[in-house]
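Single-structure report; data block below.
The values are calculated or read from the model by the stated rules, or taken from the named source; none is laboratory data. These figures come from a predicted structure and were not determined experimentally. Cβ coordinates were reconstructed from backbone atoms using ideal geometry, including for glycine residues, and neighbour counts include every protein chain displayed.
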Amino acid sequence: MNAIYILWLREVKKYSRSRVQIIASLGQPLLYLLVLGFGLGPVFQRAGGGSYLQFMAPGIVGMAVLFTSVFSGIALLWDRQFGFLKETLVAPVPRINVMIGRTLGGATVAMLQGTLIMVVCLIAGFRPVSLIGIPLGFVFMAMIAIVFAALGTSIGSSLQDMQGFQLIMNFLVLPIFFLSGALFPLNNLPKALSFVTKLDPLSYGVDGLRAALTGSAHFGALLDAVVLAGVAVALLCLGAWRFSKIEI
Amino acid sequence: MGAMIRVENLVKKFGDFTAVDNISFEVPKGEIFAFLGPNGAGKTTTIKILTTLLRATSGTVEVDGLNPKTHENEVRQSFGIVFQDPSLDQDLTASENMDLHGVLYHVPGKVRRERAETLLKLFELWERKDALVKTFSGGMRRRLEIARGFLHTPKILFLDEPTLGLDPQSRNQLWTHVKRQNEADHVTVFLTTHYMDEAERVADRIAVIDHGKIVAIGTADELKQKTNAQSLEDAFLALTGSTIRDESASSTDQLRQVAQMFRGGRR
């Protein structure tokens, strides 16, 4: 238990110390929020979709959580490069605990980042429909964070160096974001696209956030929660298995 | 009975490359055992197998009577290690690195803080304990790694070229401390070094390894007698030749990467 706690604490400490990184990581979501939010707003409105900012804000929060949690998992590669990974791998702690500590730490950091973006959305004019929705929103944020931190850990355990990073970014993380319905509604899509969006775990995360914060949902909050929980368990198992196989 | 480390017919291959080629040796409890060899001879690979970081291709390995493959956690509890290359978290302070290590090795809070203070003072890092490790010089980082390795009291201490980049004062401090631990607590020490004088000074027995094979094993005097050499350095050169092996170390790493890529790809 202590090992899980100290490794969790390490992630949180490192995050709180990297102010430059925190500000840098706000850049991309802000760009989407402000440029797309205000740029596409009038078109969205005319098409009868209501306020675009209101629609996309949960998606941008989901995006921030996705990026932060996947990268915190992939940060395993940095620890491998700088050697710290060895220190945790020879310690008399079951590897599963090392993996859980890291993953929970990464998920916590992702939630902090998501909360930050949420505050920015509020400043930009986003309004949740009810106060009760906010705690539920945090539950969905936590689920997204755990799912993708576990995915990041699985990837980080399987790669040897940073060379595969671009590949992961372009062929996994960005598609997960773009296909999640963060930027467009999932109804009335072409069949193929609709099918792919249903396979994307983030679709359920964003939908859950949207259900909690704006009251409108595509799949429904219950289905979202069930799917996310299932995927989280599967990816945690995958991550634990990949992590246990690391040789240095 | 009494063997802390037992290795029999150990082989480790990375793809087609044989890094450790059928070696056998035993280290009894309480002995200081030195592993000498040119770069890329297989020293670090052997240590990695003994410390559960790598799995052997074939052969038997026992650490404190247990197989590192099947009893990972018990084996990990029994040893401490100072790695050849850095293993600190540079974004944490010196104390935080010590503390994290102590928690991972189940050292109780009070003991952890006391020992950390003693060790940081011993290796003259106490004044900088709250500075981030990334602001440390190479020598200071090295000293912190060593101080950390002593934080818990293991049965076996692995020191993989611990004195690399250290000044004579710190080297002296290190070996005095190692000797003291060895005498007081019967800690078994398994070390590798490129400094022959160190090996001669602290080691009870020395094994010389080259191209993955043990070419000689015995006390420093026995090795000198065997090769008719005046000094251990001459004995070492007589046993391993005088060609420089720097290249083989990096090509080993490359081969390992290729091998790992292939293995990763097939899964």
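Key figures
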read-out: Candidates A:Leu53, A:Leu36, A:Leu9 - the one that is outside any loop (DSSP other than H, G, I, E, B) and closer than 30 Å to B:Asp99 by Cα; value: A:Leu9
read-out: Residue under evaluation A:Val93, criteria (1) part of a helix (DSSP H, G or I); (2) more than 21 Å from the chain's Cα centre (by Cα); (3) buried (at least 21 other Cβ atoms within 10 Å of the Cβ), criterion not met; value: (1)
read-out: Helices (runs of 4 or more DSSP H) within the range B:56-155 that include 2 or more residues crowded, with 20+ Cβ neighbours inside 10 Å and in contact with a helix residue (DSSP H, G or I) (Cβ under 8 Å, 6 or more places away or on another chain); value: B:94-104, B:109-122, B:138-149
read-out: All positions within the range B:157-180 that are within 16 Å of the chain's Cα centre (by Cα), over 30 Å from B:Ser242 (Cβ atoms) and surrounded by fewer than 22 Cβ atoms within 10 Å (Cβ to Cβ); value: B:His177, B:Lys179
read-out: Counted residues, the range A:193-248 - those being touching a Ser or Thr at 6+ places or on another chain (Cβ under 8 Å), surrounded by 14 or more Cβ atoms within 10 Å (Cβ to Cβ) and within 17 Å of A:Ile134 (Cβ to Cβ); value: 3
read-out: Members of the range B:69-101 found to be more than 10 Å from chain A (Cβ to nearest Cβ) and either more than 16 Å from the chain's Cα centre (by Cα) or at positive phi (or both), listed by number; value: B:Lys69, B:Thr70, B:His71, B:Ala94, B:Ser95, B:Met98
read-out: Flag for A:Phe71 being closer than 25 Å to A:Ser154 by Cβ and either at pLDDT 95 or above or away from chain B (no Cβ under 14 Å) (or both); value: yes
